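First up is the structure itself, then whatever we jot down about it.
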Amino acid sequence: MGSPDEESRRARKLSLSSVGSFQLRKYHFLQLWCDDQDLRGRAVAERALGMARLSEVRTQNDLIERIGVLADRLEVKPPSVADLRVYATTNGLHEHLSHLDALA
C-alpha cells in the first residue's frame, strides 16, 4: 500500500466520470466508488452527456434507458434530459447541448 501522499495523488487523477466505472488492476476487478451521493449524481450526469454523443443513442428514450442503468449502478436518481441541460449549462459544457437537441 502506498503512502497517504501517493494515495492522494492517485485519487486526484481520477476523473469525475470514472466514479462507478469498473477497472482491472493487478488481477483485481474494481468498481471505483464514492460515498458522496451528490458526487455520484454528478458522475452520472457527466457520463450521460457523453452517452448522448454516441451514434447508437438516437432518441431521448435511448438515452433515458442508458441513464437508468447507470444511475441504478451508482445508486442515485436518474437525471432527466432537462436536468442534463441544466447541468451542461451550469458547468460550461455547452457543446453537449447540441447533442441533446439532436435526439428525437
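Data table
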item: Residue match in region 48-63 (condition: over 29 Å from GLU95 (Cα atoms) and either basic (Lys, Arg) or at pLDDT 80 or above (or both)); result: no
item: Of residues in region 87-101 being without any contact (Cβ under 8 Å) to a residue 24 or more places away in the chain and farther than 14 Å from VAL44 by Cβ, the one surrounded by the fewest Cβ atoms within 10 Å (Cβ to Cβ); result: GLY92
item: Candidate set from region 32-43 (those that are touching a residue at least 12 places away in the same chain (Cβ under 8 Å) and over 8 Å from the mean Cα position of the chain (by Cα)); member that is farthest from ARG73 (Cα to Cα); result: LEU39
item: Region 21-71, residues that are assigned to a loop (DSSP other than H, G, I, E, B) and open to solvent by less than 40 Å² (accessible area, probe 1.4 Å); result: SER21, LEU32, CYS34, ALA52, VAL57
item: Selection count, region 72-86, where residues are closer than 17 Å to ALA43 by Cβ, part of a helix (DSSP H, G or I) and open to solvent by 30 Å² or more (accessible area, probe 1.4 Å); result: 4
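The values are calculated or read from the model by the stated rules, or taken from the named source; none is laboratory data. Since we're looking at a predicted model, the values are computed, not measured. Virtual Cβ from ideal backbone geometry, glycine too; neighbours counted across all protein chains shown. Heavy atoms of the whole protein, side chains included, go into the accessibility calculation; ligands, DNA and RNA do not. Shrake-Rupley method; radii C 1.70, N 1.55, O 1.52, S 1.80 Å.
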